[in-house]
Amino acid sequence: MSIEVRGITKRFGDFVALDDFNVLLPSGQLTALLGPSGGGKSTLLRIIAGLDRADAGSVSIEGVDATGLPAQKRDVGFVFQHYAVFKHLTVAKNVAFGLEIRAHGGLRPPWAAQRRADRARIDRRVAELLELVHLSQFADRLPSQLSGGQRQRMALARALAVEPKVLLLDEPFGALDAKVRKELREWLRRLHDEVHVTTVFVTHDQEEALEVADEIVVINDGRVEQIGTPDRLYDEPANDFVMGFLGDVTRVNGQLVRPHDIDISRVPLLAGAVEGTVARLLRVGFEVRATVLTDDGEEVLVQLTRTHARAVGLEEGVTVWLTPVTGAATVPALPSMRSAG
Amino acid sequence: MTSVLTAPAVEPPAASPRGRRRARRSPRSAPRSTLTRGSALGLGIAMVWFSLLVLIPLTAVVATAGEGGWDRYLSVLRNDQTWAAVTLTVGQALLVTALNVVVGTVIAWVLVRDRFWGKAALDVVIDVPFALPTIVAGLVLLSLYGPNSPLGVHWAFTEHAVTLALAFVTLPFVVRTVQPVLEELEVDVEEAAASLGARRGTILRRILLPSLAPAIAAGAALSFARAISEYGSLVLLSGNRPYETEVVSVRVLTFIENGNTASAAALASVMLAIALVVIVALDLVQRRVARRG
Amino acid sequence: MVELSTPVRWGLRLLAIGYVFFLIAWPVGLVVKHTFTGGLGVLADTLTDESVAGALRLTAMVATWAVLINLVFGVTISVLLVRYEFPGKRVLSALIDLPLSVSPVVVGLALLLVYNGRTGWFGPTAEGAGLTVIFDSPGMVMATCFVALPLVIREVVPVLVEIGDDQEQAARSLGAGAVQTFRRITLPSIKWAVVYGVVLSLARSLGEFGAVKIVSGNITGRTQTATLLVEAKYQNFQQETAYATSFLLILVSIACLVVVAFLRPRAAR
Ligand SMILES: Nc1ncnc2c1ncn2[C@@H]1O[C@H](COP(=O)(O)OP(=O)(O)OP(=O)(O)O)[C@@H](O)[C@H]1O
Ligand SMILES: [Mg+2]
């Protein structure tokens, strides 16, 4: 296991941000920490990086107990939501920063022969990294002359330059617009396939997590709700919260189901089907969303393709029968459903 | 030139590089006027007043000084007493500026990063030298460092008195330029450096100081300009003893009182030139920062 | 955030507090104490002394005029610089700051060279028209205006830049004229910056010494302002009067500081 978090508790005054938190993150994987705002994702990441101290519990990184180590000695790369660029240094100098610190702590005099050797090595490595993040032609610019996406790629190169044991990203694309965001997350996935460093990134965008991550940790209120692969979380959510957070849900017959997992027909084919009338039909592109009012007074949302809707003969006011399809992910609905962020 | 308009706030925060370049070029390539009739009248009246008050009088100083040509400057500066005043003023101004760079930065740091009881009071007291009449500043210092000093020191009429007076009136400059910059520094930048392995000393030296350097330089320039032109606070405190505590301003005043306006103008124009150099230096620093964004 | 070790933190804190205490707080405190060592009587005597009362009245008059002129000039120039384009704008905005770095003595000399009644560039003409500038109040007002000139502008310009001209354009599109727009839209939003600039100008104007000394001629009872009086009394060994007058000036400047300290958060908003 690359990162082991055991029994971490973190309080801010009376407020408990993380409550006896445990998680194991395997080496070489890309893990997403997913959850609603204020759930404690950043706090966890900062504790792993050593930027904050936990009140109790331990963190170990690649088998080394890091609980008491300062951030400087943990060998983690950290990427911040708002880039945290060194404004007074060029792009190349930003990327070289960690390497220079490691080479001579900035203390060796400029004329020392060793320093010249270091210089050449560092320059090579910086060129490599700028190549990797496609910023080679911007090496001599100041960060203020880059776009947001470029700044974040530079920050990533800076973190990767020192070959950290793990790479931690706190909502790395949160400050970017939707399109750049989408490009960058695909790019991050490819980059990870190339570099293979253990990576943890925080997001509250479920689509981002489902698309990019090998594994997702769903965090809410300072606790783990579920850990698993994207497929597993989507298909077998552990509870109503996870189900609700990862996609649309609707409620039929006391069960939470995804709206596209409901079979709808004009005749009662299956035993246990729920009877209702179509109250509204809405066409959005290729899909049709039907709101069905059941006889027990439930309002059920059903999603189906246009072709399917036509085949069934759906129209407003007709009577229909609903059943969850076989193998659909369902979760028993609690009397008071928790809000899903 | 420094100007109220080159403050970084003017730069649009997210301007594209192309947009910014265009914006910068526009004033040079035949600026079009957007004045209406009313605003043109306002500008006209304001300019007449500004000329009568500032431009023409300062021109008069330079013109009067120029009448005697270079010889006038040389003969004024060659005078031993004047030269002593110039070296004293410049030397003390440099000394006090260096003091401000160190202490002013420390005070700004303490005001932003430290927390203790009475910090708000400290913050207000820093501004006292800005608000206090200079003559009163001299009197105030005299009460602690003069003949009846409760400290038992007697620095009135010595070079120390000049240092004290200049340190008093220039204290706020570095503090007030560095403080807002320090407040605005993003904490995550320091954290980024730490996670890359930089220790406290390294972060201070390679991240914090370079970010503060332009502000420190700007504060230093302001405090130097003020120190070199100070007059009021020195009147009671330094005793204006020739060769010992007489500064350039006092020298200019003596020339004026003796009716020797030509020499006064020559010396005054040297001071104006120094002020101008400082302003230009300040503007260069500000522009570099604006570019950094 | 860089956390300093406890001894270093304490060291810096002590340095900061100590420096400010020895340079500012203690000396100012001593002057206040001196004022009251003779009891409240000295203060009362001072206030009723005709030369002091006259000097205070003169100072108030000169400062009021200077602040009013700088207020009108400052707001006009600020609006022009931020909202309009015209040739020479950059040069003007650079020159506006110049008075801050000119020695008061040079200011006095400059005005003297232009406006003195015998040899000045404009002085004889002005006197011919019945206007004495030098050694009289107009000169003193001008000198005070000069030294406090940029203070209002430096406060107002950043606020005008910050608020942008959207609201003004909206008002124009709704049919408001230039004057109405200024009165009902622009002025309310720069109000606090203006007040702030006025308070700073007031403090500066009340305290001006060098420039006023040169252009006023320092004639007791006629052109002697409060600051000039402090110097004269101190040098005439009437130190108690000097201290008491200084105390009044300290009081006013601290009042200005307090007002500013209250206004600053509001102006920021
Ligand atoms: N320095 C602090 N002082 C007090 N409370 C804090 C502090 N930092 C975080 N918290 C609280 O701890 C909780 C968890 O915060 P955290 O930043 O970890 O949330 P998050 O999951 O990262 O949320 P987001 O998605 O909005 O970034 C929040 O309720 C927050 O208010
Ligand atoms: Mg967060």
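The values are calculated or read from the model by the stated rules, or taken from the named source; none is laboratory data. Given the structure is predicted, the values throughout are model-derived calculations rather than measurements. Here Cβ is always computed from backbone atoms with ideal geometry, including for glycine, and neighbour counts include all displayed protein chains.
With outside any strand (DSSP E or B), within 15 Å of ligand 2 (Cβ to nearest atom) and within 22 Å of B:Ala194 (Cα to Cα) as the only criterion, which of A:His82, A:His88 stands out?
The unique qualifying residue is A:His82.
Filter the stretch C:187-233 down to the residues that are part of a loop (DSSP other than H, G, I, E, B) and at the interface with chain B (Cβ under 10 Å from one of its Cβ atoms) and list them by number.
C:Glu208, C:Phe209, C:Thr225
Could you please tell me which pairs satisfy a Cβ distance under 8 Å, a separation of 6+ or placement on different chains, a first residue in the stretch B:67-86 that is at pLDDT below 85, and a second residue that is of a type in the set (D, E, K, R)?
none
Given the residues A:Lys73, A:Lys10, which is the only one that is over 24 Å from A:Leu184 (Cα atoms) and at pLDDT 90 or above?
Result: A:Lys10 is the single residue among A:Lys73, A:Lys10 that is over 24 Å from A:Leu184 (Cα atoms) and at pLDDT 90 or above.
So which pairs qualify, if the first residue must be in the stretch B:167-181 and farther than 17 Å from B:Leu208 by Cα, the second must be surrounded by fewer than 24 Cβ atoms within 10 Å (Cβ to Cβ) and β-branched (Val, Ile, Thr), the Cβ gap must be under 6 Å, and the two must be at least 6 apart or on different chains?
So the pair list comes out as B:Pro172/B:Ile126.
For B:Ile216, state whether it is aliphatic (A, V, I, L, M), more than 15 Å from the chain's Cα centre (by Cα), within 30 Å of B:Arg113 (Cα to Cα) and within 14 Å of chain A (Cβ to nearest Cβ). Give the derivation first.
Numbers: aliphatic (A, V, I, L, M): yes; more than 15 Å from the chain's Cα centre (by Cα): no; within 30 Å of B:Arg113 (Cα to Cα): yes; within 14 Å of chain A (Cβ to nearest Cβ): yes.
When the stated conditions are applied, B:Ile216 does not pass them.
Can you work out which of the residues in the stretch B:246-265 that are among the small types (Gly, Ala, Ser) and farther than 17 Å from B:Leu58 by Cβ is modelled with the lowest pLDDT? Lay out the reasoning, then the answer.
Within the stretch B:246-265, the first condition is being among the small types (Gly, Ala, Ser), and the residues that meet it are B:249, B:259, B:262-265.
The next check asks that each one be farther than 17 Å from B:Leu58 by Cβ; those that pass are B:259, B:263.
Details: B:Gly259: 87, B:Ser263: 90.
Step by step, filter the stretch B:246-265, then rank; the result is B:Gly259.
Mind checking which residues of the stretch A:251-269 are in contact with a Ser or Thr (Cβ under 6 Å, 6 or more places away or on another chain) and crowded, with 17+ Cβ neighbours inside 10 Å?
Scanning the stretch A:251-269 gives A:Val257, A:Pro259, A:Asp263.
Only residues in the stretch A:220-231 that are within 13 Å of A:Leu25 (Cβ to Cβ) and free of Cβ contacts under 8 Å to residues at least 12 places away in the same chain count as the first member; pair them with residues that are within 16 Å of ligand 2 (Cβ to nearest atom) and assigned to a strand (DSSP E or B), Cβ under 6 angstrom, at least 6 apart or cross-chain, and list the lot.
No pair meets every condition.
Could you tell me whether the stretch A:175-183 includes any residue that is at pLDDT 90 or above and in contact with a helix residue (DSSP H, G or I) (Cβ under 8 Å, 6 or more places away or on another chain)?
No: the stretch A:175-183 contains no residue that is at pLDDT 90 or above and in contact with a helix residue (DSSP H, G or I) (Cβ under 8 Å, 6 or more places away or on another chain).
Output the residue which, of all residues in the stretch B:278-288 that are more than 8 Å from every other protein chain (Cβ to nearest Cβ) and under 18 Å from the mean Cα position of the chain (by Cα), is surrounded by the most Cβ atoms within 10 Å (Cβ to Cβ).
The qualifying residue surrounded by the most Cβ atoms within 10 Å (Cβ to Cβ) is B:Leu282.
Could you please find all residues in the stretch A:18-75 being within 20 Å of A:Asp170 (Cβ to Cβ) and among the polar types (S, T, N, Q)?
Listed by number, the residues that qualify are A:Gln29, A:Thr31, A:Ser37, A:Ser42, A:Thr43, A:Gln72.
Restricting to the stretch C:234-258, count the residues that are more than 10 Å from chain B (Cβ to nearest Cβ) and of a type outside the set (Gly, Ala, Ser).
From the stretch C:234-258, those more than 10 Å from chain B (Cβ to nearest Cβ) are C:236-238, C:240-241, C:244, C:251; that's our starting set.
Remaining after also requiring of a type outside the set (Gly, Ala, Ser): C:236-238, C:240-241, C:251.
So the count comes out to 6.
Scan the stretch C:108-134 for residues that are under 14 Å from C:Ser216 (Cα atoms) and crowded, with 19+ Cβ neighbours inside 10 Å and report the count. Before the answer, list the steps.
Within the stretch C:108-134, the first condition is being under 14 Å from C:Ser216 (Cα atoms), and the residues that meet it are C:108-113, C:115-117, C:132-134.
Filter once more, so that each one left must be crowded, with 19+ Cβ neighbours inside 10 Å: C:108-113, C:115-116, C:133-134.
Total meeting the criteria: 10.
Assuming B:Gly146 fulfils every condition listed in (1) touching a residue at least 60 places away in the same chain (Cβ under 8 Å); (2) surrounded by fewer than 16 Cβ atoms within 10 Å (Cβ to Cβ) apart from one, which condition is it?
Here B:Gly146 clears every test but (2).
Please return the ranges of strands (runs of 3 or more DSSP E) entirely within the stretch A:165-257 where 1 or more residues are on the phi < 0 side of the Ramachandran plot and within 16 Å of ligand 1 (Cβ to nearest atom).
Of the strands (runs of 3 or more DSSP E) lying wholly inside the stretch A:165-257, those with at least 1 residues that are on the phi < 0 side of the Ramachandran plot and within 16 Å of ligand 1 (Cβ to nearest atom) span A:166-170, A:198-203, A:215-220, A:223-228.
Pull up the stretch A:20-79, narrow it to residues that are of a type in the set (S, T, N, Q) and within 18 Å of A:Pro164 (Cα to Cα), then point me to the one that is farthest from ligand 1 (Cβ to nearest atom).
Ranking the qualifying residues of the stretch A:20-79, first place goes to A:Ser27.
Within the stretch B:268-277, identify whether any single residue is among the hydroxyl-bearing types (Ser, Thr, Tyr) and over 19 Å from the mean Cα position of the chain (by Cα), and answer yes or no.
No, because not a single residue in the stretch B:268-277 is among the hydroxyl-bearing types (Ser, Thr, Tyr) and over 19 Å from the mean Cα position of the chain (by Cα).
Output yes when any residue across the stretch A:133-153 is under 21 Å from A:Val202 (Cα atoms), touching a residue at least 24 places away in the same chain (Cβ under 8 Å) and either within 16 Å of ligand 2 (Cβ to nearest atom) or not assigned by TED's automatic domain parsing to the domain that holds A:Ala84 (or both), and no when none is.
Within the stretch A:133-153, one or more residues are under 21 Å from A:Val202 (Cα atoms), touching a residue at least 24 places away in the same chain (Cβ under 8 Å) and either within 16 Å of ligand 2 (Cβ to nearest atom) or not assigned by TED's automatic domain parsing to the domain that holds A:Ala84 (or both).
With the requirement that a residue be away from ligand 2 (no atom under 16 Å from the Cβ) and over 22 Å from B:Glu191 (Cβ atoms), what does the stretch A:24-55 give you?
A:Leu24, A:Pro26, A:Ser27, A:Gly28, A:Gln29, A:Leu30
If a residue has to be within 7 Å of chain B (Cβ to nearest Cβ), among the hydrophobic types (A, V, I, L, M, F, W, C) and touching a residue at least 60 places away in the same chain (Cβ under 8 Å) to count, how many in the stretch C:102-111 make the cut?
3
Considering only residues of the stretch B:234-260 that are among the polar types (S, T, N, Q) and surrounded by fewer than 21 Cβ atoms within 10 Å (Cβ to Cβ), which is nearest to C:Gln235 (Cα to Cα)?
B:Asn240
State whether the residues of the stretch B:177-186 include one that is more than 22 Å from the chain's Cα centre (by Cα) and either surrounded by 17 or more Cβ atoms within 10 Å (Cβ to Cβ) or not acidic (Asp, Glu) (or both).
yes
Could you please let me know if B:Ala156 is modelled with pLDDT under 90, crowded, with 20+ Cβ neighbours inside 10 Å, more than 10 Å from chain C (Cβ to nearest Cβ) and touching a Pro at 6+ places or on another chain (Cβ under 7 Å)? So that I can check it myself, show each step before the final result.
Values: modelled with pLDDT under 90: yes; crowded, with 20+ Cβ neighbours inside 10 Å: yes; more than 10 Å from chain C (Cβ to nearest Cβ): yes; touching a Pro at 6+ places or on another chain (Cβ under 7 Å): yes.
Judged against the criteria, B:Ala156 is a match.
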